[in-house]
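The values are calculated or read from the model by the stated rules, or taken from the named source; none is laboratory data. These numbers come from a predicted model, not from an experiment. In this analysis, Cβ positions are derived from the backbone assuming ideal geometry, glycine residues included, and neighbour counts consider all displayed protein chains.
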Amino acid sequence: MVPSLTIPKRSNTPVLQLLELVFPMHEFNICQNIVDSVIAELEKHDPVPRLLKTRVVIGKLRQLVPEYLQFAYENLTKETLAEGSTLVIIQKPVIGKCVACGWQGEMGSSGFGCGKCGSATAEIIAGRELYLESLEIEEDDDE
Ligand SMILES: [Zn+2]
């Protein structure tokens, strides 16, 4: 007879699934898209260059948490062509333009109204950015 001792089972959940549970899915999915584009870009070159940095531009309206993105990036690039590279996040402020007075400036601190005349007719003209800005690769003497 095997003694009926309850030993908690070790989770054999794959790492990716665990990450999805820990992270908000939003950052995880966006980071997967970034990593996919980066790898696709690297694969265009022969030989594949060593990637040092990936720069992404993210508008604050995206409400992404940079730390989560960094952590997701680190994990998603493991054992890929982008392994060991650093994610550089360039955050863009939310810029609004007032329809009433023509004021243009950063929004946020004073809500989504005009920073000058207080009108609520300001349009958001920047802050939704989300794109891969550039890749920094290791310099090669061959070229
Ligand atoms: Zn105004």
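Name, by its number, the condition in (1) at pLDDT below 95; (2) within 11 Å of Glu136 (Cα to Cα); (3) not basic (Lys, Arg) that does not hold for Val88.
Condition not satisfied by Val88: (1).
Any residue in region 93-104 that's in contact (Cβ under 8 Å) with a residue 24 or more places away in the chain: show its pairings with residues that are near the ligand (Cβ under 8 Å from one of its atoms) and among the polar types (S, T, N, Q) at Cβ separation under 7 Å, as long as the two are six or more apart or on different chains.
Once the first residue is in contact (Cβ under 8 Å) with a residue 24 or more places away in the chain and sits in region 93-104, its partners that are near the ligand (Cβ under 8 Å from one of its atoms) and among the polar types (S, T, N, Q) give Cys98/Ser119; Cys98/Thr121; Val99/Thr121.
Specify the residue that is nearest to Glu139 (Cα to Cα); the eligible residues are those in region 53-64 that are surrounded by 15 or more Cβ atoms within 10 Å (Cβ to Cβ) and not basic (Lys, Arg).
Checked region 53-64; the qualifying residue nearest to Glu139 (Cα to Cα) is Thr54.
Which residues, counting only those in region 67-93, are basic (Lys, Arg) and closer than 14 Å to Val56 by Cα?
Within region 67-93, Lys92 is the sole residue that qualifies.
Conditions tested, residue by residue: (1) over 22 Å from Tyr131 (Cα atoms); (2) within 20 Å of the chain's Cα centre (by Cα); (3) modelled with pLDDT of 90 or more; (4) among the small types (Gly, Ala, Ser).
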{"position": "Leu5", "(1), (2), (3), (4)": "yes, no, no, no"}
{"position": "Gln32", "(1), (2), (3), (4)": "no, yes, yes, no"}
{"position": "Ser37", "(1), (2), (3), (4)": "no, yes, yes, yes"}
{"position": "Ala40", "(1), (2), (3), (4)": "no, yes, yes, yes"}
{"position": "Leu81", "(1), (2), (3), (4)": "no, yes, yes, no"}
{"position": "Gly84", "(1), (2), (3), (4)": "no, yes, yes, yes"}
{"position": "Cys98", "(1), (2), (3), (4)": "yes, no, yes, no"}
{"position": "Phe112", "(1), (2), (3), (4)": "yes, no, no, no"}
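Which members of region 72-102 meet the condition of being among the hydrophobic types (A, V, I, L, M, F, W, C) and more than 16 Å from the ligand (Cβ to nearest atom)?
Ala72, Leu76, Leu81, Ala82, Leu87, Val88, Ile89, Ile90
For region 43-79, how many residues meet the condition of being at pLDDT below 95, under 30 Å from Met107 (Cα atoms) and touching a helix residue (DSSP H, G or I) at 6+ places or on another chain (Cβ under 7 Å)?
5
So how many residues does region 48-102 have that are closer than 26 Å to Cys114 by Cβ, small (Gly, Ala, Ser) and assigned to a loop (DSSP other than H, G, I, E, B)?
Here the count works out to 2.
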